[in-house]
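Single-structure report; data block below.
The values are calculated or read from the model by the stated rules, or taken from the named source; none is laboratory data. Remember, predicted model here, so these are calculated numbers, not experimental data. Glycine also receives a Cβ, built like all others from the backbone with ideal geometry; neighbour counts cover every protein chain displayed. Keep in mind that these areas ignore ligands, DNA and RNA; they rest on the heavy atoms of the full protein, side chains included. Shrake-Rupley method; radii C 1.70, N 1.55, O 1.52, S 1.80 Å.
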Amino acid sequence: MVDDDIRGSLEAILPQLDERPLFGLILGSGLSDLAEVVENALVVETSDLPGYPHGTVQGHQGRLVFGRLEGVPIVFVQGRLHMYEGHSLSSATFPIRLLAALGVSRMIVTNAAGGIRASFAPGTLMWITDHINMAFRGPHTNRTPDRRSHPYDLNWTKRAKSIADELGIQTEEGTYIWTLGPSYETRAEIRMFAGLGADAVGMSTVPEVLEASQRGIKVLGLSTITNHAAGLGHESLNHEEVLEVGRQVKTKLQQLIRALVRDTESH
Ligand code: HPA
């Protein structure tokens with residue numbers, strides 16, 4: 001079933017596509033440039049799509065980039081919609097619901113996150129194996145069964161880790177904790193989060209992953225650690241360093257995404 005609010009966007013996109021995307025990529029802060037890998041790109045400005053919510057955050061321009069990668073029809077979403085911008089849950093999950101309606105069945109959700117585990121220096125790549133919802137919100141569902149207590153595809157994650165190993169790209173696994181933001185956490189909050197078992201902290205991803213998994217989309221989550229979380233590194237956190245680390249890991253991530261997309265053809 002297609003939600004009413006995405007119908008206008010869907011109708012605007014479909015006539016422009018030669019084929020429907022199977023694979024989706026949500027690009028986090030500082031990671032928009034990853035979409036450069038798309039071949040024969042069709043770039044759709046989200047401001048041209050009826051009903052598509054508008055984002056405001058620097059490093060998050062609103063575009064959908066359709067095309068192929070390694071022979072697989074794909075769509076990259078540039079310009080994530082955060083709840084701290086004032087978006088409701090249904091706005092924040094709009095891109096996911098649109099991708100699901102377009103036929104996407106696998107999705108990699110990326111983000112920038114603060115490292116809580118002491119060994120997570122800026123530049124660390126972490127597969128998200130589980131999350132803690134510290135915003136205590138989540139998309140409503142009346143679907144059964146409710147798949148949302150295990151939203152990350154752990155078989156795919158395991159495979160992804162071994163693909164990264166083969167490429168010589170070091171990756172870690174861990175638990176992501178979602179805060180509403182937009183303020184960075186206090187040192188006391190980070191101490192609490194560490195005690196709860198969180199390895200990385202960020203202000204996104206969880207609503208999208210809950211929505212996608214509930215719609216039967218296989219989800220792989222990947223955090224780029226852009227800074228030590230509050231109290232664990234230098235004193236002041238800022239958005240510019242988040243963007244800078246994104247630029248530094250770009251080539252590695254592009255290589256990894258390419259290999260992951262190629263691999264999904266085989267299983
Ligand atoms: N906290 C929350 N969100 C973030 C951080 C952080 O330290 N770094 C990047 N996104």
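Things to note:
Rundown of residues vs (1) of a type in the set (A, V, I, L, M, F, W, C); (2) open to solvent by less than 10 Å² (accessible area, probe 1.4 Å); (3) at pLDDT 90 or above, yes/no style:
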site	(1), (2), (3)
ASP18	no, no, yes
PRO21	no, yes, yes
GLY24	no, yes, yes
SER29	no, no, no
PRO50	no, no, yes
GLN58	no, no, no
GLU70	no, no, yes
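- Sub-6 Å Cβ pairs linking a first residue in segment 177-206 that is under 12 Å from GLY114 (Cα atoms) and without any contact (Cβ under 8 Å) to a residue 40 or more places away in the chain to a second residue that is open to solvent by less than 30 Å² (accessible area, probe 1.4 Å) and more than 10 Å from the ligand (Cβ to nearest atom), at least 6 apart or interchain, number zero.
- Near pairs, Cβ below 6 angstrom, 6+ apart or cross-chain, from segment 87-114 (under 21 Å from ASP18 (Cβ atoms)) to any residue that is away from the ligand (no atom under 16 Å from the Cβ) and of a type in the set (Lys, Arg): ALA100/ARG215; LEU102/ARG20; GLY103/ARG20; ARG106/LYS218
- Per this entry, GLY197 is not counted among residues that are in contact with a Lys or Arg (Cβ under 8 Å, 6 or more places away or on another chain), within 22 Å of MET134 (Cβ to Cβ), open to solvent by 20 Å² or more (accessible area, probe 1.4 Å) and of a type outside the set (Phe, Trp, Tyr).
- Scanning segment 206-228 for residues being near the ligand (Cβ under 10 Å from one of its atoms) and either surrounded by fewer than 22 Cβ atoms within 10 Å (Cβ to Cβ) or not small (Gly, Ala, Ser) (or both) gives a total of 5.
- Screening segment 92-124 for residues that are open to solvent by 30 Å² or more (accessible area, probe 1.4 Å) and of a type in the set (Ser, Thr, Tyr) and picking the one that is nearest to THR179 (Cα to Cα) gives SER119.
- For SER183, the requirement of being among the hydroxyl-bearing types (Ser, Thr, Tyr), over 20 Å from LEU31 (Cβ atoms) and either within 16 Å of the ligand (Cβ to nearest atom) or modelled with pLDDT of 95 or more (or both) is met.
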